[in-house]
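Right, one structure below, let's go through it.
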Amino acid sequence: MNFIKYIILAIIQGFTEPIPISSSGHLIIFKSILNSGVLNDLNFEIILNFGSLIAIVIYFWKDIKELFIDFFTYIFKRNKESYKNFKYCILVIIGTIPAGIIGLIFKDTIEELLNSVKVVGIALLVTSLFLYIIRNIKGTKEDNDITYLDAIIIGLFQAVALLPGISRSGATIVGSMFRGLKRDVAFKFSFILYIPISLATMLLGVKDLMEASISINMWMTYFIAMIISGIVTFISTKWFNNIMKNGKLIYFSIYCIIVGLLVIIFL
């Protein structure tokens, strides 16, 4: 029975991670509904997030590889053709800083909120509102037009998403759209921005994971769940990309307001 719950969790994590409905919020809701100790397994959450991270890296591998090569090419050779991607990497670093700082300062407060399903309900309503506001914004900025101020503001939106129920992808896409980025540009920047913050979170949890007393059978369960989380994340990311291109964010706004109200009323 626990194995089935782990697999269900993996599917929920994979599906909700890329789309703007908050994966952390849905895991908290699921925890409240099932009232299961399985969902208090922090090591398992690290594994699930790692599965999603791998999927995002694979999805954007071509972009990541190009950014990585050009970043170091510009540093060591000052190749002008590499400057565009070098600057993009700097923008990603700048955009990551706010969430890193706020996450460290308010770590305890955030962890307390992770136990409040009502907070998730309210946060989903906030997510719904902002998705509704930017539903028809198209934007004009390309990758080369993103400014340092844009990166800071989008980074602050990502920091707000540390609150459970506030979608990380939703927050960064909303911030990007407010700053005038085109939909496809906002989609790419949002997910490239996800990689360093997710990697840092995983590395912080590795020590606890390695020190935990985990049986071989449990490691196998973790591994299967990680693969499922990764596969579902990849599929969900591709699906969300198509929705972004068609400007159908209103669907997620409607979903968030319905789920948010149900959570506040019944949980």
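Nothing in this text is a laboratory measurement; each read-out follows from the coordinates by a stated rule. Here the structure is a predicted model, which means the values were calculated and not measured. All Cβ positions, even for glycine, are placed from backbone atoms using ideal geometry, and neighbour counts span all protein chains on display.
Fully extending the segment from I216 to T73 would add 47.1 nm, taking 0.36 nm per residue of separation and subtracting the current Cα-Cα distance. Considering all C-alpha pairs of the range 109-267, those separated by over 26 Å amount to 37%. The alpha carbon radius of gyration of the chain, expressed as a multiple of 2.2 N^0.38 Å, is 1.00. Spin-label model, N136/K118: points 7 Å from Cα along the beta carbon direction are separated by 3.7 nm.
The Cα atoms of the range 1-155 give a gyration tensor whose axes a ≥ b ≥ c have a/c of 1.5 or more with a/b greater than b/c, which makes the shape prolate. Given the options G121, L104, A55, identify the residue whose Cα lies farthest towards the positive end of the charge dipole of the range 1-129 (+1 on Cβ of Lys, Arg; -1 on Cβ of Asp, Glu). Final value for the positive-end residue is A55.
Residue order for M244, M220, fewest other beta carbons within 10 angstrom first, comes to M220, M244.
Amide H to amide H distances under 5 Å link K141 with L181, K182, where only residues 5 or more positions off or on other chains count and H is placed in the peptide plane.
Dividing the summed -39500 (n - 2.57) terms of all DSSP H runs of n ≥ 4 by the residue count of the chain sets its mean residue ellipticity at 222 nm at -26500 deg cm²/dmol.
For the set K207/K238; K84/K245; K141/K238, the pairs lying more than 28 angstrom apart at their alpha carbons are K207/K238.
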